[in-house]
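Here the structure is laid out as structure tokens; the discussion comes afterwards.
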Amino acid sequence: MDFKPIDLLPQKAPMAFITAIESVDFDTQKMITRIDVHQSDLLFQKNMNGVPGCVALEYMAQSIACYIGAQDIHTTGETKAVAGFIMGSRDLHVMIPVFNVDESYYVHVQSMFCDANIASFECNIYDANNNLVASANLNAFRPDDINNFMEETDE
């Protein structure tokens with residue numbers, strides 16, 4: 001099945017940063033997404049000629065959202081594209097100060113645990129030369145009803 005990031009992400013332009021789904025394997029619970037960095041990107045910094053390295057966490061989070069959305073389609077046939085939340089990270093390492101303009105980066109995510117609401121993923125970002133540029137283990141939460149959850153947190 002051919003998955004498109006815009007169909008899987010709750011974010012829409014200009015906040016959707018995933019360019020393409022390169023591969024997905026539900027048996028091994030892995031996905032690879034691609035990020036193409038452009039001057040037109042919302043978080044592009046002219047003085048850096050790219051996107052700050054700290055955005056690695058968001059690239060990982062959106063890649064996780066893509067995997068979970070694709071998994072929803074794979075298991076139920078329905079697209080939910082429901083917002084989730086990063087609850088925390090362990091061992092976050094960003095080895096580059098900037099994601100360079102006109103370059104591509106590949107986010108590898110592997111589900112370590114995933115149920116209806118809680119997930120844990122191992123994430124790695126590689127440049128086009130297969131050099132590791134960022135890594136982390138991320139925990140995420142997706143409520144059953146995002147609107148109800150947000151109303152409850154406002155009280």
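The values are calculated or read from the model by the stated rules, or taken from the named source; none is laboratory data. Note that the structure is predicted; figures quoted are calculated from it, not measured. Note that each Cβ is placed from the backbone with ideal geometry, even for glycine, and that neighbours are counted across all protein chains shown.
Quick one: count up the residues across the range 92-127 that are in a strand (DSSP E or B) and at pLDDT 90 or above. Working first, answer last.
Our first condition is that a residue be in a strand (DSSP E or B); within the range 92-127, this holds for 92-94, 98-100, 104-114, 118-127.
This time we only want the ones that are at pLDDT 90 or above, so: 92-94, 98-100, 104-112, 120-127.
Residues flagged as in a strand (DSSP E or B) and at pLDDT 90 or above within the range 92-127 amount to 23.
Table: residues versus (1) touching a strand residue (DSSP E or B) at 6+ places or on another chain (Cβ under 7 Å); (2) surrounded by fewer than 16 Cβ atoms within 10 Å (Cβ to Cβ); (3) among the β-branched types (Val, Ile, Thr).
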{"position": "47", "(1), (2), (3)": "no, yes, no"}
{"position": "68", "(1), (2), (3)": "yes, no, yes"}
{"position": "71", "(1), (2), (3)": "no, no, no"}
{"position": "76", "(1), (2), (3)": "no, yes, yes"}
{"position": "92", "(1), (2), (3)": "yes, no, no"}
What residue, among those in the range 94-132 that are in contact with a Gly (Cβ under 6 Å, 6 or more places away or on another chain) and over 24 Å from residue 70 (Cβ atoms), is surrounded by the fewest Cβ atoms within 10 Å (Cβ to Cβ)? 97
